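Have a look at the structure below, then the notes.
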Amino acid sequence: MKNKLLAIESSCDETAASIYDMQKGVLSNVYFSQIDIHSKFGGVVPELASRSHLEKINFIVEQALLNANTKLNEIDAVAVTNKPGLPGSLLIGLSFAKAIAWSLNKKIIGVNHLEGHIFSSCIENKVPFPHLCLTASGGHTAMYLVEDFGKFTLLGQTLDDAAGEAFDKIAKLMNLPYPGGPVIEKLAEQVNFEDFFHYPRLSHKNLDFSFSGIKTAVLYDLVNRGAYNLQEKKFLKDNDEILKQKVASSLLVAVADIFIDRIKLALKDKPEIKALTFVGGVACNKYIKNRFSEFAKSKNLQFFYPSPQYCTDNAAMIAFVGNYKLQKNQIDNLELDIY
Ligand code: KG4
Ligand code: ZN
């Protein structure tokens, strides 16, 4: 009996492949990040993303097989991200997966990228159900009630920008490189994550988020400090490290506060929740993780997060979901499409 799975992820700006063994777990997790291609534009350019996927996918899949000491004919099924994402990018991964499935007569399993993130904390940890999952990246920010593998309910999501997107856009305002999140964390660290400028924390009665307000608040605060020219759309304090550190620090504290406020509200009528998980690219952030860890302790909850390689977009999380779908016989066919 074969017991290995190949997973492919190409929904945005990472070309990724992973080999997963149903008994041993992740055997390889390989990716090519397009950050250098998109950084000069301050965000992902869809056309460039799909061209790069096309160039890299063959090599990345070969590398994943090589690292896992596995031959293509040893795999039992191909799991592939088919939604949501950039259409051109998704199509490259799906077409590649279909070609393998068709030519070698393998099973094909479509995986929702968000489901991949939601269960990414389960790759390395035994996370109890039900738990609350906060997923935050450059494309999505949402909270889910997770009751079992494959069983989750959306509780709230961002009404405008994703949290990572807010970091990226605010970084761009200050001429900092893309992606903004890691740069903002490094700057904030220099001033010990203090709340210098106290940006507004908009509060809703439901569990949705909003991050475009904080971006505007930072912009106008910079204008008022004489650090940004609105007419010319120009940052005027490139050499003022202290200002950048203070903005970054105040921003991180505000975002962590907003997250914790929403989580508190979500937990209010759900005493059955056993754990909190934090996933997606923003879950690389040590400060926010520390804040969550303290909060979880105060509520007697367990707290889990994936290691950084499983936070940002990766194929191991797609393999993990593909594997439990395979066990449940939730197989697709070559009609599988992108969404
Ligand atoms: O999951 P991901 O790789 O791609 C998407 O699906 O969007 O997440 C990328 C996002 C970017 O917006 C980036 O700024 C943010 O995650 N990010 C961080 C950190 N590392 C990456 N945000 C805050 N702190 C970090 N250390
Ligand atoms: Zn993602």
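Things worth noting here:
- Reported count of residues in the stretch 93-121, each being of a type outside the set (Asp, Glu) and open to solvent by 10 Å² or more (accessible area, probe 1.4 Å), is 13.
- Residues of the stretch 270-308 satisfying the condition of being closer than 15 Å to residue 146 by Cα, open to solvent by 50 Å² or more (accessible area, probe 1.4 Å) and away from ligand 2 (no atom under 16 Å from the Cβ): 271, 272, 274, 302
- The criterion of at least 2 residues that are β-branched (Val, Ile, Thr) and in contact (Cβ under 8 Å) with a residue 40 or more places away in the chain is met, among helices (runs of 4 or more DSSP H) falling completely within the stretch 1-115, by 46-67, 87-104.
- The stretch 133-150, residues that are more than 16 Å from ligand 2 (Cβ to nearest atom) and either within 17 Å of residue 13 (Cβ to Cβ) or in contact with a strand residue (DSSP E or B) (Cβ under 9 Å, 6 or more places away or on another chain) (or both): 145, 146, 147
- Residues (hydrophobic (A, V, I, L, M, F, W, C) and buried (at least 18 other Cβ atoms within 10 Å of the Cβ)) located in the stretch 176-196: 176, 183, 184, 187, 188, 193
- Criterion: away from ligand 1 (no atom under 13 Å from the Cβ), open to solvent by 70 Å² or more (accessible area, probe 1.4 Å) and in the same structural domain as residue 235 (by TED's automatic domain parsing) - qualifying residue of 173, 154, 132, 145: 154
The values are calculated or read from the model by the stated rules, or taken from the named source; none is laboratory data. If you're wondering where the values come from, they're calculated on a predicted model, not measured in any experiment. Don't worry about glycine lacking a Cβ; one is built from the backbone with ideal geometry, like all the others, and counts go over all protein chains shown. Note: accessible area is taken over every heavy atom of the protein model, side chains too, but ligands, DNA and RNA are not part of it. Shrake-Rupley method; radii C 1.70, N 1.55, O 1.52, S 1.80 Å.
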